Amino acid sequence: TYAIVTAFKDDGVQIIDVSNPENIVAKGYLTDDGTRTLDGAKGVDTFTIGANTYAIVASVNDNGVQMIDVSDPSNIVAKDYLTDNASLTLDGARGVKTFTIGSSTYAIVAAVNDNGVQIIDVSDPTNIVALDSETDDVNGFDFLQYPQDVEIFTVGASTYAIVSVQGD
């Protein structure tokens, strides 16, 4: 059993073996070295595709997300990433959750500086694709000012996200 911890000030992530709670052990880590989107790492979620386990990390200062293959906790590997631009809602990426619909895996990211959320298809962690996004006070999304975190839940056949916000 492992934990993955984001390190906001250290700009990275650390894997910890927590199989023995009386003797936890540090495993692999990654930091922002200029080729990764981990500056101000804040939110993280893990998911499995096939035999591999991945993490998606939200980075406040890099305004984006970084995919990481954590299948080998001692040797974690950075994969694809997305950073904010005029067509994305990732400025101040903070909270992130993954979910599956059918055979596809998605992430929803809360972006505090953009006052919104971004949906990303992470089914191929080496080629992630931005999909829809929504921002505060547009299209009926009236309570997305300064989003902090997000959680996913299912009712019947529908999947929902609930977003905690600092504003509104």
For the chain, which whole percent of the accessible surface, found with a 1.4 angstrom probe, sits on carbon and sulfur atoms?
46 percent
Can you pull the semi-axes for segment 1-79, root of five times each eigenvalue of the Cα gyration tensor, sorted largest first, whole Å?
20, 15, 10
Expressed in angstrom and rounded, the centroid-to-centroid distance over alpha carbons for segment 89-168 and segment 1-48 is 22 Å
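If the viscosity is 1.306 mPa s and the temperature 10 °C, what translational diffusion coefficient in µm²/s does Stokes-Einstein give for segment 47-101 when Rh comes from Kirkwood over Cα pairs?
D, rounded to a whole number, is 132 µm²/s.
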In nm, spacing of pseudo-spin labels at Val138 and Ser71 (7 Å Cα→C-beta vector)
3.7 nm
As a Kirkwood estimate from alpha-carbon pairs, the chain has a hydrodynamic radius in angstrom of 16.0 Å
Solvent-accessible area of Phe143 with every protein chain in place, 1.4 Å probe, in Å² to the nearest 10
140 Å²
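The values are calculated or read from the model by the stated rules, or taken from the named source; none is laboratory data. Here the structure is a predicted model, which is why all the values come from computation and not from measurement. We place every Cβ from the backbone using ideal geometry, glycine too, and count neighbours over all the protein chains shown. Remember, those area values only see protein heavy atoms, side chains included, never the ligands or the DNA or RNA. Shrake-Rupley method; radii C 1.70, N 1.55, O 1.52, S 1.80 Å.
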